[in-house]
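J.: After the structure tokens below, expect a handful of questions from me.
The values are calculated or read from the model by the stated rules, or taken from the named source; none is laboratory data. Just so we're clear, the structure is a prediction, and the values are computed from it rather than from any experiment. Here the Cβ is made from the backbone with ideal geometry for all residues, glycine too, and neighbour counts use every protein chain on show. Protein only, heavy atoms only, side chains kept; ligands, DNA and RNA dropped before computing areas. Shrake-Rupley method; radii C 1.70, N 1.55, O 1.52, S 1.80 Å.
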Amino acid sequence: VQQGEQTRLAGFCTAEGAAERTLLTLPGEFGPRGRGGEGPELLTQPVSVQAGEGQASAEPGAVQPLPFTLEQLHALAWSLRYGADVALGPCDRLKDAVPAALALDAQPEDGGMRILVDLAGAGNPDVGAANVASINLAGAVELASIQGPLQAGSWAGPGSFALTEPVANDWACPGNYVMGQVLDRDGAPLAGVRIVMRDPWGNQAETRSKGGPNDYGQFDFPIWGDGAQDLTLTVVDEGGNPLSAPVAVPHKRDAASDTPCHHVVLRGG
């Protein structure tokens, strides 16, 4: 990864003919994917694939599987930002996976990030975090480039949900809560929709929109901890795959969010 004058090693991607290395694996993965056995359900998102030598053709906007689960994308984003000796998966699929991973918890400092792979040095087993200067960026292949601050935009996949209005903050809670409602595309409340909330430390809580007569389509999460924090909500399917872009919910981060209650309205389905 190159940002301005700084360069850091984000990890290693797999390529034919590369030197063997001892690396950390992504969560939930044991051994190279696709070499027998069935792994976790893969994440799918809308991508545009161009036909070329060795590539299968696909219509623009066709849904192609990313070789990562949601948990693995979070680990990929962490490695891109902080760097580690991690096996990041196939080099030729990182171009699609990198923006998806970073958008899960978009950070302003991601702007100007360039992700490159030194294929010429892939056969050198001595290249690593201890000697980043040995990586040849002049001849490296650019996999992805984040030009400006990455914003978690609307999700375009089947059955997708999106934030209908900005997060509202007030004092109408019996404690610290994220409260919300899920609507269908016609604006009617939806019950049984699965929502996940993640805090900055990786702790995760899950709930479903309610089906009672007085709270149909509503959901709530208690906020544990009194300190300032950024929470992220994502609608997911039964396999844990995202059906929405991550929704950022700041808690006590500024004057506007310095309240115990935060309201979110999601629409889609």
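J.: Any idea how far apart Ala15 and Tyr216 come out in nm if each label point goes 7 Å out from Cα toward Cβ?
T.: Placing both labels 7 Å beyond Cα along the Cβ direction yields 5.7 nm.
J.: Provide the gained length on full extension for the span Ser145 to Asp184, in nm with one decimal, where the gain is 0.36 nm per separating residue minus the Cα-Cα distance.
T.: 10.5 nm
J.: How high is the FRET efficiency from Lys95 to Thr25, r the C-beta distance, R0 25 Å, rounded to 0.05?
T.: The pair Lys95/Thr25 has a calculated efficiency of 0.75.
J.: Can I ask one more? In the stretch 183-269, carbon and sulfur make up what percent of the accessible area (probe 1.4 Å)?
T.: Taking all protein chains in place, the stretch 183-269 shows 49 percent carbon and sulfur surface.
J.: Per-residue accessible area for Asp237 at 1.4 Å probe radius, Å² rounded to 10?
T.: Rounded to the nearest 10, that gives 50 Å².
J.: Could you work out how far apart the two model spin labels at Ala172 and Asp126 are, taking each label as a point 7 Å from the Cα in the direction of the beta carbon, and quote it in nm?
T.: 6.7
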